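To keep things clear, I will list the structure first and then write my remarks on it.
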Amino acid sequence: MKQIYVESYYRNGYSRFMKYINNILDHPKRENIEKRLEVIGFFDEFGAGATRRAFGKSRSTIYLWKQKLKKAGGKLSALAPGDKTPLHRRRRIVHPFIEDFILDYRNNHPGVDKTTITPALTAACNLHGIEPVSESTVGRIIHDLKAKGRIPRSNK
């Protein structure tokens, strides 16, 4: 009876421990998680003032990290910093006339670059009363059209 109790206790404790370790072992932001754990441990031992001076982290930040840990049931991956990219990224809006002009120009003159297209495009835009785009924007439009497969890729 004693052996079974020791084995089950060891197994449960070990598996629980390994779940937490494996949770961050291959995590892409492992360094950040370990740093935050270090800050939390320092905070628990020395308090808010010392933590502020040593790490530059405020009391509220550390309590937020502790709250995340508690909500996740102790999973260390909860301490990983979140994604900071905007939810709605700005998309380039190109006037259809400009896109068609670049397509036609590239079809008539294959391999022409943005520096050659820009003066002709500016003249055509002024003629039609459209705001002309810069040379770098023409390059970006060409890149986008290549990505969409509307312009064949050049063989360098």
Worksheet item: Among the residues of segment 98-130, which ones are without any contact (Cβ under 8 Å) to a residue 12 or more places away in the chain, assigned to a helix (DSSP H, G or I) and not acidic (Asp, Glu)?
Response: Asn107, Asn108, Thr116, Pro119, Thr122, Ala123, Asn126, Leu127
Fill in: Positions within segment 65-106 being aliphatic (A, V, I, L, M) and exposed (fewer than 12 other Cβ atoms within 10 Å of the Cβ), in sequence order
Leu87, Ile93
Worksheet entry | Matching residues in segment 61-96 - criterion: being more than 20 Å from Asp144 (Cβ to Cβ), in a helix (DSSP H, G or I) and not polar (S, T, N, Q) | Ile62, Tyr63, Leu64, Trp65, Lys66, Lys68, Leu69, Lys70, Lys71, Leu76, Ala78, Leu79
Response to the item:
Exception for Val133 within (1) at pLDDT 95 or above; (2) assigned to a helix (DSSP H, G or I) falls at (2)
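The values are calculated or read from the model by the stated rules, or taken from the named source; none is laboratory data. Note that this is a predicted model, so its numbers are computed, not measured. Using ideal geometry, Cβ is built from the backbone for each residue, glycine included, and neighbour counts are taken over all protein chains shown.
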